[in-house]
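Data block below; observations after.
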Amino acid sequence: MTAPIVERIVGFCARRAGFVVLASLLVAILAGDYSAMHFAMNSDVASLISSDTSWRKRQAVFDAEFPQQDNTIDVVINGATPELADHAATVLGAAMTARPDIFHYVRRPDGGPYFAQEGLLFLPVAQVKTTTEQMIAAQPFLGALAADPSLRGIMTSLDTALEGVARGQASLTALSRPISAFSHTLSGVLADRQVFLSWQTLITGRAPSAIELHRFISTRPRLDLSSLTPGKQATDAIRQLSRQLNLVPDKGVRVRLTGPVPLADEEFNTITERARLMATLMMLGVLAMLWFAVHSVRLILAILFTVFAGLAITTAIGLFAVGSFNVISVAFVALFVGLGVDFGIQFCVRYRAERHNRDDLDLALRQAGSGVGNALTLAAAATAAGFYSFLPTSYSGVAELGFIAGSGMLVTFALSITLLPALLKVLRPGGEPDTIGYSTLAPLDDFLRRHRTSVTTGALVLALICVASLSRLTFDFNPLDLRNQASESVATALDLISNPQTSPNTIDVLAPSADAARRMSRALAALPSVSQVLNVTSFVPDDQAAKLALIGDAANLLDPTLNPFVTRPPPSNPETVVALRETAAKLQAAGARAPGNSGAPALQLARELNVLATGSQTLRAHAETAFIPGLKAMLDQLRMALSARPVALQTLPKSFSNDWVTSDGKYRLQISPAGNANNTSVLTEFTREVRIIAPEATGAPISIQESARTIVRAFIQAGALSFLSIAVLLFLALRRTRDVAIALAPLVLAGVLTLGSCVIIGLPMNFADIIALPLLFGIGVAFDIYFVMAWRSGMQNLLRSPLTRAVILSAGTTASAFGTLWLSTHPGLASMGELLAISLGWILACVLFFLPALLAQVTARGGMPDAV
């Protein structure tokens, strides 16, 4: 066995303590310096799955064909009115385009200027006719507004209409729509509310739809790859431009950022948000557990120095091997502290027991090495094997964690039998006058021995109940659920997903030719789960001749109105006041002459205009904000809409067609689901049907579902490999099938109880929670090995021994490390922390209650094991 070797290593390091400490310190410093120089964080959740999987390869091919849709910032603009949203997108897009030093390119996925000019052509002929008629009917208003887009111009336009009422050429009720709209807006202004007049609604009489209040800009920024938040410069620039252009909620515009770059940056910010608090609480918990374990400041310092040296070395190994940490592999810090401290506690508690028996520092160190050598060696090997079992899987996020944490276990084991005893020799802690075990647990030892059959049977029944419940274990593999949903990028993405017209949960297919695209589009559109299929031909409208004739007629009539030869300069404040009062007087006169109550709206608006006229200039500026920006945007939209031209594939804007046709002639099809685009069952059926026709399809729904399959396979593969490798190690060390089964039984029981608890409390498994598996095998096997090895050496009354003290306080230290993850604002880490806490609780329960009862049962049937 390895105990004599470990004893000799410990003895040598104690004799050469100064050299060992200095050498270890030098290695730790060099490792820390390397880590500081090369630290990198990859917060892209997609990278958690190996790029060698077939579906990731297909996605990579698509991204290479359309690089403008990868690593983007998606700017989502919400306007209080369609006019404000469109104006904001236009001016912000132009400002971003003028900054090529920050943005590679800027595009409008919603069509931008193209749809502004050609948008009417995409309506049915009947709707084009209705819309142009509404424009023509509004001509009397539009003339004064185009010549004088101000409050004065609005009053002039209303005056003209009121003169027709005064002459009997029109009725006051014919003006009910503008009078009501103006009155509603002014009442909000006078009440100091943020209100904005929708001129589109005023002309059409139709409230804008949700999609009409949204505009989109997509940009591929120049990333600062030396930063942990590479898109920060670009996102800061967009927010600064928005403020400079007054695109703020006070002006009726809300600009939000989402997309891969903001999501990744905010992911890192979320991970680090409570880092100091979590680190502080972790260290306080670890220090408390260490104090209860060793009752010596010098021993605590030795353990902590050993752990931090190991952490520095392991971090350097991880960065050297994998290049950067991901959102899962970064959890190795908590794993290392939790499991690394365990080895230190095991050695130091055994040292204290030996020092109590023999008050000789050197002898106590050698005896501690001899006493825990076999157990520590086997525990380190089994724990590392448990972590390394994830290396062959396609779940690269945990595979990287497995490599780093597995290597860390070997590092901390090596330091625990070299640096730690050397530090103890240098620090020279005092003697140990008191016994180290827990004598108060003697009654529990006796109880478990007497009721061993009932305890083991009860554990078996509980395990069977949990196994029966596993069919209801749920998996949540939605990447957004692993992110902080209060962050702007995630909240915006969820907002877009909730609307079928803006949901990014679409599937993309590449067709080799235009004919193939048409055939595939027809086949996909016929599927029950598909709501629409878009390709480049979807942006060439039908019935253009009839629509262009209607638009042309309206343009001929409205061109002099919308483009007057003479425009008035902006009015002064006194001129605005005069215009408000004159219109109020005319409204009052018209309302007084109107029969019955039909004049009430006009009288109400007259009162509001008088209040506005007698109010402060600030109040009138507030009214200008409510009316004028939208008016100017509406006039620009009308001019653009009436300048529509014939559309063909060849005339589509290059930047637009590039989103749909590759340079070598492949045609992109975008397929949208029918029903709730955020419903798992809907997306599953949608994906299944589409892939029957287009097996090479890509997109978010496919990525989510393939990720789920990959992770489940990794879970099963790694679990089987870990279990097998640990079983082989145990058999090589223990040489008895019975003893191997005894060591593994609590591990299996703890695993079943952990998963059963998830079912009971409704905790779904996700990308991050799978980390509980290597933890379960790591720390669970270590504790089991300590007890089985002690039992094999002939130790009785295990619960009152120093070993139990070491296990309980080691578990407490591990809980302090893992429990802090539960406090994270990052949902993935918090969920991981919760599951780790549950897992650790069951591991400790199985080790302290089930395993002693099982050992008592075996002892009673076969006698005491031979000492090893």
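The values are calculated or read from the model by the stated rules, or taken from the named source; none is laboratory data. Values in this document were obtained by computation on a predicted structure and should not be read as measured data. Cβ: placed from backbone, ideal geometry, glycine included. Neighbour counts: every protein chain shown. SASA here: full protein model, heavy atoms, side chains in, ligands and nucleic acids out. Shrake-Rupley method; radii C 1.70, N 1.55, O 1.52, S 1.80 Å.
What do you reckon, is D362 in a helix (DSSP H, G or I), open to solvent by 10 Å² or more (accessible area, probe 1.4 Å) and of a type in the set (D, E)?
The answer is yes for D362.
Among the residues of region 253-287, what is the count of those that are surrounded by fewer than 18 Cβ atoms within 10 Å (Cβ to Cβ) and either among the hydroxyl-bearing types (S, T, Y) or in contact with a His (Cβ under 6 Å, 6 or more places away or on another chain) (or both)?
Matching residues across region 253-287 total 2.
Restricting to region 675-701, name every residue that is closer than 26 Å to F656 by Cβ and in a loop (DSSP other than H, G, I, E, B).
Of everything in region 675-701, those that are closer than 26 Å to F656 by Cβ and in a loop (DSSP other than H, G, I, E, B) turn out to be A677, A694, E696, A697.
Considering I711, I726, I704, which residue is hydrophobic (A, V, I, L, M, F, W, C), part of a helix (DSSP H, G or I) and open to solvent by 30 Å² or more (accessible area, probe 1.4 Å)? Before you say what the answer is, go through the steps one by one.
On the way: I711 fails: open to solvent by 30 Å² or more (accessible area, probe 1.4 Å); I726 fails: open to solvent by 30 Å² or more (accessible area, probe 1.4 Å).
Unique residue meeting the criteria: I704.
What about I465, is it surrounded by fewer than 15 Cβ atoms within 10 Å (Cβ to Cβ), in contact with a helix residue (DSSP H, G or I) (Cβ under 8 Å, 6 or more places away or on another chain) and of a type outside the set (S, T, Y)? Outline the logic, then answer.
Numbers: surrounded by fewer than 15 Cβ atoms within 10 Å (Cβ to Cβ): yes; in contact with a helix residue (DSSP H, G or I) (Cβ under 8 Å, 6 or more places away or on another chain): yes; of a type outside the set (S, T, Y): yes.
It is true that I465 is surrounded by fewer than 15 Cβ atoms within 10 Å (Cβ to Cβ), in contact with a helix residue (DSSP H, G or I) (Cβ under 8 Å, 6 or more places away or on another chain) and of a type outside the set (S, T, Y).
Just give me the residues in region 515-553 being in contact (Cβ under 8 Å) with a residue 24 or more places away in the chain, surrounded by fewer than 16 Cβ atoms within 10 Å (Cβ to Cβ) and part of a helix (DSSP H, G or I), in sequence order.
Selection gives A516, A523, T537, A546, D553.
Looking for whichever is surrounded by fewer than 24 Cβ atoms within 10 Å (Cβ to Cβ) and touching a residue at least 40 places away in the same chain (Cβ under 8 Å) here; the options are F308, F347. Which one fits? Lay out the reasoning, then the answer.
Working: F347 fails: surrounded by fewer than 24 Cβ atoms within 10 Å (Cβ to Cβ).
Being surrounded by fewer than 24 Cβ atoms within 10 Å (Cβ to Cβ) and touching a residue at least 40 places away in the same chain (Cβ under 8 Å) holds for just one of F308, F347, which is F308.
Regarding region 294-305, can at least one residue be identified that is in contact (Cβ under 8 Å) with a residue 24 or more places away in the chain, among the aromatic types (F, W, Y), open to solvent by 20 Å² or more (accessible area, probe 1.4 Å) and more than 24 Å from A782 (Cβ to Cβ)?
Scanning region 294-305, I find no residue that is in contact (Cβ under 8 Å) with a residue 24 or more places away in the chain, among the aromatic types (F, W, Y), open to solvent by 20 Å² or more (accessible area, probe 1.4 Å) and more than 24 Å from A782 (Cβ to Cβ), so the answer is no.
Of all residues being part of a helix (DSSP H, G or I) and among the basic types (K, R) in region 619-645, which is nearest to T201 (Cα to Cα)? Just the residue, please.
Narrowing region 619-645 to residues part of a helix (DSSP H, G or I): 619-641.
Of the ones still in play, those that are also among the basic types (K, R) are 620, 632, 639.
Values: R620: 23, K632: 15, R639: 17 Å.
It comes out as K632.
Looking at (1) modelled with pLDDT of 90 or more; (2) part of a helix (DSSP H, G or I); (3) not hydroxyl-bearing (S, T, Y), which one does R99 not meet, given that it meets all the others?
Failed condition: (2).
Tally the residues that are within 25 Å of the chain's Cα centre (by Cα), surrounded by 13 or more Cβ atoms within 10 Å (Cβ to Cβ) and not hydrophobic (A, V, I, L, M, F, W, C), restricting the search to region 204-226.
Final tally of qualifying residues: 8.
For L558, all conditions in the list (1) part of a helix (DSSP H, G or I); (2) under 20 Å from F182 (Cα atoms) hold save one; what is the number of the exception?
If we test L558 against (1) part of a helix (DSSP H, G or I); (2) under 20 Å from F182 (Cα atoms), just (2) comes out false.
Please find, among T130, T156, the residue that is modelled with pLDDT of 90 or more, buried (at least 19 other Cβ atoms within 10 Å of the Cβ) and either touching a Lys or Arg at 6+ places or on another chain (Cβ under 6 Å) or part of a helix (DSSP H, G or I) (or both). Full working, then the answer.
Numbers: T130 fails: buried (at least 19 other Cβ atoms within 10 Å of the Cβ).
After ruling out the rest, the residue left standing is T156.
For the subset of region 372-392 comprising residues that are of a type in the set (S, T, N, Q) and open to solvent by less than 10 Å² (accessible area, probe 1.4 Å), which member is nearest to the chain's Cα centre (by Cα)?
Filtering region 372-392 down to residues of a type in the set (S, T, N, Q) leaves 374, 377, 383, 389.
Still in the list and also open to solvent by less than 10 Å² (accessible area, probe 1.4 Å): 383, 389.
Numbers: T383: 30, S389: 27 Å.
It comes out as S389.
Taking the options A14, A80, name whichever one is surrounded by 15 or more Cβ atoms within 10 Å (Cβ to Cβ) and touching an Asp or Glu at 6+ places or on another chain (Cβ under 6 Å).
On the way: A80 fails: touching an Asp or Glu at 6+ places or on another chain (Cβ under 6 Å).
On inspection, the qualifying residue turns out to be A14.
Does R193 fit the bill of being open to solvent by 20 Å² or more (accessible area, probe 1.4 Å), closer than 19 Å to A623 by Cβ and basic (K, R)? Give the steps one after another, and end with the answer.
On the way: open to solvent by 20 Å² or more (accessible area, probe 1.4 Å): yes; closer than 19 Å to A623 by Cβ: yes; basic (K, R): yes.
It is true that R193 is open to solvent by 20 Å² or more (accessible area, probe 1.4 Å), closer than 19 Å to A623 by Cβ and basic (K, R).
Exactly one of these conditions fails for D659: (1) of a type outside the set (S, T, N, Q); (2) assigned to a helix (DSSP H, G or I); (3) closer than 23 Å to A85 by Cβ; (4) at pLDDT below 90. Give me its number.
The one condition D659 does not meet is (2).
Restricting to region 59-74, name every residue that is modelled with pLDDT of 85 or more, polar (S, T, N, Q) and more than 16 Å from F216 (Cβ to Cβ).
Q59
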